[in-house]
Amino acid sequence: MKKREPISHIMTTDPYVLNLTDGLSHAEILFKRHKVRHLPVVSGEEIIGILSMTDLARISFVDSYDPNNFNVDTSIYSLFSLEQIMVRNPQCITPDILIKDAAELFLKSEFHALPVVENKKLLGILTTTDLIKYLLEQY
């Protein structure tokens with residue numbers, strides 16, 4: 001196993017993103033169409049937040065959350081804006097952070113995605129799924 005590999009080798013580049021003016025219905029469409037669970041929220045190229053499928057599920061008052069069958073009563077979306085439910089100023093990492101260090105960060109935190117930035121510009125996203133895929137490739 002490679003021990004000192006940067007996350008730039010495994011991160012998702014050019015992630016699907018939301019703009020602050022996008023509605024929650026648009027977010028749900030992106031989640032479903034592209035089979036992703038986290039969407040960075042940007043202003044221009046700068047990251048200002050992140051939204052997860054779980055965030056949408058929380059506002060829908062669903063009793064059970066199944067990521068394979070994500071159906072929400074979309075009328076609830078008119079009650080909230082993206083800015084109200086996104087995580088503001090998410091923790092971010094740079095592309096040169098080591099995979100091991102990113103894994104330790106996930107282990108210590110409650111989130112499953114880290115925007116990758118350099119000079120405030122969004123370059124990509126690293127998810128726990130990216131880490132698991134990398135580990136599976138090692139075997």
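The values are calculated or read from the model by the stated rules, or taken from the named source; none is laboratory data. This structure is a prediction, so every number in the text was calculated from the model and none was measured. Positions of Cβ are generated from backbone atoms using ideal geometry, with glycine treated the same way; all protein chains shown enter the neighbour counts.
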(message) Can you confirm whether PRO67 is part of a loop (DSSP other than H, G, I, E, B) and either small (Gly, Ala, Ser) or at pLDDT below 95 (or both)?
(response) yes
(message) Tell me yes or no: at least one residue of region 79-93 is in contact with a Pro (Cβ under 7 Å, 6 or more places away or on another chain), in a helix (DSSP H, G or I) and modelled with pLDDT of 90 or more.
(response) no
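Just a yes or no: is a residue in region 31-38 in contact with an Asp or Glu (Cβ under 9 Å, 6 or more places away or on another chain), closer than 26 Å to ALA102 by Cα and surrounded by 18 or more Cβ atoms within 10 Å (Cβ to Cβ)? Working first, answer last.
First pass over region 31-38, keeping only residues in contact with an Asp or Glu (Cβ under 9 Å, 6 or more places away or on another chain): none.
Scanning region 31-38, I find no residue that is in contact with an Asp or Glu (Cβ under 9 Å, 6 or more places away or on another chain), closer than 26 Å to ALA102 by Cα and surrounded by 18 or more Cβ atoms within 10 Å (Cβ to Cβ), so the answer is no.
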(request) Taking only region 9-21 into account, find how many residues are modelled with pLDDT of 95 or more and either touching a Lys or Arg at 6+ places or on another chain (Cβ under 8 Å) or of a type in the set (Asp, Glu) (or both). (result) 1
